[in-house]
Amino acid sequence: MQIERIETRRVELPLVRPFVTSFGRQTTRDGILVRVVTAESDGWGECVTPAAPVFSAEYTDGALHVMEHHLIPRLLSAGDLTGAGVREVFRPIVGHPFAKAALEMAVLDAELRSKEVSLASHLGAVRDRVPCGVSVGIPDGGLDELLAQVGGYLEDGYLRIKLKIQPGFDLEPVRAVREAFPHIMLQVDANAAYTLDDAEHLRLLDAFGLTLIEQPLPEDHLLAHAELASKLATPICLDESITSAVVARDALELGACSVVNIKIGRVGGLVEAKDIHDLCLDRGVPVWCGGMLETGLGRAANVALAALPGFTLPGDTSASDRYFSRDVTSPFVLQDGHLDVPDGNGLGVHPEADVLNRITTERAVYRR
Ligand code: OSB
Ligand code: MG
């Protein structure tokens, strides 16, 4: 496959409600959609960076810059290419996994559309729908609002609730939700907001029967996570720390986590994500699919990935209406707590032109 043209679109979509975490407050999805055009077909990818470098070093302006000046030129001069080869083309460029993942996704989508194969079957999916959880931000309105939001999501049918926590907003909200909903699958995500000095405090979470605690400590603190894991009964899951299959193996060897959150963007693409899945499946380590407030494009990839056999826990693969009043693709709709895995060619969804044009704030085209 020879790439003829690559288009980038900076997009901005309002969120249905602000999303607040220990690293900040988000009211819009400010991302990049990319389109790869070949002689036979075209494909789409989504860059899921936040607007500011607060989750990881990467952010949307930086991702657009590295695409334009470093990644896209390499793809356009790569000659004959498949989705499986993109990771190698990008290897000389250090870091920037979110930008790399978006372009790899678009190349793979174009390839699979021309081969008439769905992404899910290409990856080795074993199910046609995936169980879904929802990630609940820190509410402006305190515990009453939190309980109302959680109750609403449970009514919608979500199978697992994840609460964002931070110092000063942890034991109380977890206790309140657990008391109101004694039997739900419940977990928490700290987004790296604690230190090992908080171990005794975090140990108090053991009382609430949580499925896991996600990323309690900073990204590069693998040994500290191992030490914390030895003090807690609640399983530790890593998100920010797991940047590659190599790091995933190191983290598991060190005992830094016993569950892994896989995000396509954070690890640099679907090929790396599948490698992490395979490693964890081989070691009997449960994985689940994280989210970055994706539009329908990134969501289609997440849902296809989450259909692999090692994804044994519900993901942050919520329905479109949890994020946007109008998604850029046809919406993903929750049915019985699940999302259907798209079975069309490639991602199985495509942006709708009117919405795409409405949300695009900048567009650029690069030719071979
Ligand atoms: O840490 O999992 C996270 C959103 C943006 C950045 C980081 C995270 C999240 C979420 C939301 O928790 C997951 C989603 O519903 O997409
Ligand atoms: Mg997380």
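Scanning region 290-333 for residues that are among the charged types (D, E, K, R), buried (at least 24 other Cβ atoms within 10 Å of the Cβ) and assigned to a loop (DSSP other than H, G, I, E, B) gives GLU294, ASP316. Looking across region 246-268, the residues that are surrounded by fewer than 20 Cβ atoms within 10 Å (Cβ to Cβ) and in a helix (DSSP H, G or I) come down to VAL246, VAL247, ARG249, ASP250, LEU252, GLU253, LEU254. Considering the conditions (1) of a type in the set (Gly, Ala, Ser); (2) surrounded by fewer than 21 Cβ atoms within 10 Å (Cβ to Cβ); (3) in contact with a strand residue (DSSP E or B) (Cβ under 9 Å, 6 or more places away or on another chain), GLY43 is excluded by exactly one of them, (2).
Pairs linking a residue in region 134-152 that is polar (S, T, N, Q) to a residue that is open to solvent by 50 Å² or more (accessible area, probe 1.4 Å) and assigned to a helix (DSSP H, G or I), with Cβ atoms under 9 Å and 6 or more positions apart or on different chains, do not occur. Screening the candidates LEU228, LEU238, LEU232 for the property of being surrounded by 22 or more Cβ atoms within 10 Å (Cβ to Cβ) and away from ligand 1 (no atom under 14 Å from the Cβ) yields one hit, LEU228. The residues in region 339-358 that are within 16 Å of ligand 1 (Cβ to nearest atom) and surrounded by fewer than 19 Cβ atoms within 10 Å (Cβ to Cβ) can be counted, and the count is 0. Tallying residues that are open to solvent by 20 Å² or more (accessible area, probe 1.4 Å) and in contact (Cβ under 8 Å) with a residue 60 or more places away in the chain within region 80-94 yields 4.
Could you check, for region 213-221, whether at least one of its residues is more than 23 Å from the chain's Cα centre (by Cα) and at pLDDT 95 or above? Step through it out loud before you land on a result.
Looking only at region 213-221, we keep the residues that are more than 23 Å from the chain's Cα centre (by Cα), and these are none.
Looking through region 213-221, none of the residues is more than 23 Å from the chain's Cα centre (by Cα) and at pLDDT 95 or above.
Within region 269-289, the set of residues being touching a Lys or Arg at 6+ places or on another chain (Cβ under 8 Å) and surrounded by 24 or more Cβ atoms within 10 Å (Cβ to Cβ) comprises GLY269, ALA273, CYS289. Of the residues LEU196, LEU171, LEU186, the single one that is hydrophobic (A, V, I, L, M, F, W, C) and in contact with a Ser or Thr (Cβ under 7 Å, 6 or more places away or on another chain) is LEU186. GLN187 falls short on exactly one of the conditions (1) within 16 Å of ligand 2 (Cβ to nearest atom); (2) more than 22 Å from LEU334 (Cβ to Cβ), and that condition is (2).
THR329: within 19 Å of ALA102 (Cα to Cα), away from ligand 2 (no atom under 16 Å from the Cβ) and touching a residue at least 40 places away in the same chain (Cβ under 8 Å), yes or no?
For THR329, the condition - within 19 Å of ALA102 (Cα to Cα), away from ligand 2 (no atom under 16 Å from the Cβ) and touching a residue at least 40 places away in the same chain (Cβ under 8 Å) - is not met.
The values are calculated or read from the model by the stated rules, or taken from the named source; none is laboratory data. Bear in mind that the values here come from a model prediction, so they are computed numbers and not experimental data. Note: ideal-geometry Cβ built from the backbone for every residue, glycine included; neighbour counts use all protein chains shown. These accessible areas exclude ligands, DNA and RNA; they are computed on the full protein's heavy atoms, side chains included. Shrake-Rupley method; radii C 1.70, N 1.55, O 1.52, S 1.80 Å.
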